[in-house]
Amino acid sequence: VGLYRVVVGGLPDWLDARRLLGDGDFEFSAEQGGRVSAQARLDASAAADLAARLRGVGLGGRALTLAVEPALPRVLRRRALAEEARRYRSGSPGFGRGGVRLDAEGRRSLTPEALALSLGQRAAARGAGRVLDAAAGAGGNAIGFARAGLSVTAIERDAGRLECARHNARVYGVAERIDFVHGDARVLVPEIEADLLFVDPPWGEGYDKQRVEPTALPLLAELCTLASSERPLWAKVPPSFAVETWPDARPEAFFGVGEGDRRRVKFLILELS
Ligand SMILES: C[S@@+](CC[C@H](N)C(=O)[O-])C[C@H]1O[C@@H](n2cnc3c(N)ncnc32)[C@H](O)[C@@H]1O
């Protein structure tokens, strides 16, 4: 009584779908092309919440589909959208410490601290000693790798942003673990030794939320040819990246850790070697 049948389609089979979908007794069935669909009967507010959260979202290069039966009352849909917009503002924190410096682009593209640290810990667990961060921005990932105990070379072509990264590394007490290099990664990366190449290319302000082609990330497209078994590459790409264009890469989804984004995929890491 009062339940809505919700069907979400197009979920990639490499994704932890329960984490995305949240509470609910979901049943899963295989679709074509490595995709999965999930269905459940939810109460009105849970159905409206899920619909608002998944609206316009694409994962791995394809838009999710969502059907709700019977149709939700408009007032509920609007309330859920407003609530989702409010939640969006309480996402994972960038840098948690005070006194950091960020320009507008550095702030917009900053990897949340908790996620940067967990990437660092993974790299350390894999035995990487030195990481080359080819596009360091204001230092979010470089600092995360250094805090996990790795040595880091951090390249950034914007001199002001590189200074922000250097300052932020001092705030975190890890500046001595990071070599900061000003220049173009396309020239410098082949010359610098490392156990792991990390690339978080600019996504562009209005990146496509449903499908991002490799051509939209030209820095990555150039640097991915430099991956090898001795020096694997981790690419941080939008959730909507067309993963099938990189058939040898294993995608892994990273969710937020904030109240507002713990059920939202923040980015994918693709490993190439
Ligand atoms: C997405 S941001 C990196 C954010 C960073 N991972 C963080 O969490 O703070 C990408 C950065 O790549 C830099 N960049 C773009 N092309 C570059 C190139 N050819 N060489 C070096 N840096 C480049 C941009 O200036 C930008 O700061």
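Which percent of the Cα-Cα distances in segment 187-273 go past 22 Å?
Working: 1035 of 3741 pairs.
Tail of P(r) above 22 Å: 28 percent of Cα pairs.
Each Lys or Arg adds one and each Asp or Glu subtracts one; over the other residues with Cβ under 10 Å from the Cβ of L270, this totals -1. When only Cα pairs below 8 angstrom with a gap of at least 6 residues are kept, the chain shows a relative contact order of 19 percent. Once the mean of 1/r is taken over each pair of separate Cα atoms and inverted, segment 1-41 shows a Kirkwood hydrodynamic radius of 10.6 Å. Segment Y88..E27, full-extension length gain: 19.2 nm, with 0.36 nm per residue of separation and the alpha-carbon distance subtracted.
Using only side-chain charges placed at the Cβ, +1 for Lys and Arg and -1 for Asp and Glu, the dipole size of the chain relative to its Cα centre rounds to 1060 debye.
Label-to-label distance, H167 versus A221, with points set 7 angstrom from Cα along the beta-carbon direction: 3.5 nm. From least to most packed, judged by other beta carbons within 10 angstrom and beginning with the fewest, L188, L64 follow the order L188, L64. Maximal additional length on extending the A159-E205 stretch stands at 14.5 nm, based on 0.36 nm per residue less the C-alpha distance. The tail of the calculated P(r) for segment 98-232, taken as Cα-Cα distances beyond 26 Å, holds 17 percent of the pairs. Arranged from fewest to most other beta-carbon atoms within 10 Å of their beta carbon, K209, K266, K236 become K209, K266, K236. Computed over the alpha carbons of segment 194-233, Rg followed by Dmax gives 11.8, 35 Å. Using equal-weight Cα scatterers in the Debye expression, the normalised intensity of the chain in log10 at q = 0.08, 0.09 Å⁻¹ is -0.36, -0.45. Shape of segment 1-99 from its Cα gyration tensor (a ≥ b ≥ c, root eigenvalues): rounded if a/c is under 1.5, otherwise prolate when a/b > b/c, or oblate? In terms of gyration-tensor shape, oblate.
Remark: relative contact order (segment 227-273) = 52 percent; criterion is Cα-Cα distance under 8 angstrom and separation of 6 or more residues. For segment 114-167, the Kirkwood hydrodynamic radius from C-alpha pairs, put into Stokes-Einstein at 4 °C and a viscosity of 1.567 mPa s, yields a diffusion coefficient of 119 µm² per second.
Ranked by how many other Cβ atoms sit within 10 Å of their own Cβ, fewest first, the residues E191, E259 fall in the order E191, E259.
Against the compact-protein benchmark of 2.2 N^0.38 Å, the Cα-based radius of gyration of segment 151-231 scales to 1.22.
Sorting the Cα pairs of segment 48-129 by distance into bins of 5 Å, from 0 upward, gives 3, 11, 13, 14, 15, 15, 12, 9, 5, 2, 1, 0 percent per bin.
Quick note: the coordinates plus some simple rules give every number you see, no bench work behind them. Just so we're clear, the structure is a prediction, and the values are computed from it rather than from any experiment. Cβ sites come from the backbone with ideal geometry, for glycine too, and all protein chains shown count toward neighbours.
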